[in-house]
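Input: one structure, supplied below.
Every read-out reported here was derived from the displayed coordinates using simple, explicitly stated rules and does not represent laboratory data. Just so we're clear, the structure is a prediction, and the values are computed from it rather than from any experiment.
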Amino acid sequence: MIYLLAALLPPIGLIVNGQPFAAIFNLVLFVPCLIFGLVFHVLLLVPSAHAVIAVHMKREERRHREIVDAIERHGAPPWYRP
C-alpha cells in the first residue's frame, strides 16, 4: 500500500513512511520535473521513482535492523560457521 501511495503522491508517501527530508527533496525535485516534463514526458516519472526507491530502501533497512537485533539477542543460528 505504501508503494502505491509513493507512486501516486510521492511527497505524502515519503512522509507517511517516516522520511521527511526525502519528502522535502522530492517536493523540490517535483517542481523542475513538472516544468521540463511538459517537453520531456519521462521526467514526470522521476519524483515517483525516487519515492518508490526511497521507500524500498527504508523498508530493507528496517528489515536488516530487525535481523541484526535478533542475532544480537539470541545469537547466531546453530548452522552458522564464521
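When the chain is treated as a GNM, springs tying every alpha-carbon pair under 10 Å, which of P11, P47, P20 comes out with the largest mean-square fluctuation?
Judging by the Gaussian network model, the answer is P20.
Still on this structure, I have one more. At 0.36 nm per residue, and after removing the present C-alpha to C-alpha distance, how many nm does the segment from A70 to V42 gain when stretched out fully?
5.8 nm
Using alpha carbons only, how many degrees (0 to 90, rounded to 10) separate the axis of helix 20-36 from the longest principal axis of the chain?
Once rounded, one gets 30 degrees.
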